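> Pasting a structure below so you can have a look.
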Amino acid sequence: MISISAFIISLSGIISLLYLRLWEIRRGSRLYNFQREKLDEKVVSLGEYLRHRIPTFDRSVVSRMYHTTIHYFALMVLSILRIIERRMVSLLEHVKGKREVTRGVTQSDFLKQVGSHKRRLEKPSKDAIQ
């Protein structure tokens, strides 16, 4: 699973860099041309710093970091989907004309009469059932 995620992230990074380069060629100028050398030096120095200063992680630490990252990403996607679902349900209810129905409150005279008649009926006793 980790290798698949790393592959997908790397592939998307390569595709985005190729798209950026194609965009620069079509435009005819380089993006951040005046700062590119400084940025390259900073990236190289950061890579050297990370390589020498930060200790290597063991497999369990990397695995926990990966699972935690995936977990929070999944929670974020789930919360976004819940928001979209709520909006779609409210839109669907609006289109259908569906309203919330509260129990016990009715505006129909017929239903009021049926309800009062039902309440007046005697319930069968336990002796009659046996």
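The values are calculated or read from the model by the stated rules, or taken from the named source; none is laboratory data. Fair warning: this is a prediction, and the values are worked out from it, not measured in the lab. Glycine also receives a Cβ, built like all others from the backbone with ideal geometry; neighbour counts cover every protein chain displayed.
> Suppose the filter is modelled with pLDDT under 90 and aromatic (Phe, Trp, Tyr); does Phe34 pass it?
Yes; evaluated as a whole, the condition is true for this residue.
For (1) exposed (fewer than 10 other Cβ atoms within 10 Å of the Cβ); (2) at pLDDT 85 or above; (3) on the phi > 0 side of the Ramachandran plot, each residue gets a yes or a no:
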position	(1), (2), (3)
Arg86	no, yes, no
His94	no, no, no
Lys98	no, no, no
Val101	yes, no, no
Asp109	yes, no, no
His117	yes, no, no
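> Based on what the data block shows, is Ile70 assigned by TED's automatic domain parsing to the domain that holds Ile2 and either of a type in the set (Val, Ile, Thr) or exposed (fewer than 10 other Cβ atoms within 10 Å of the Cβ) (or both)?
Answer is no for this residue.
> Criterion first (modelled with pLDDT under 90 and part of a helix (DSSP H, G or I)) does Val77 satisfy it?
no
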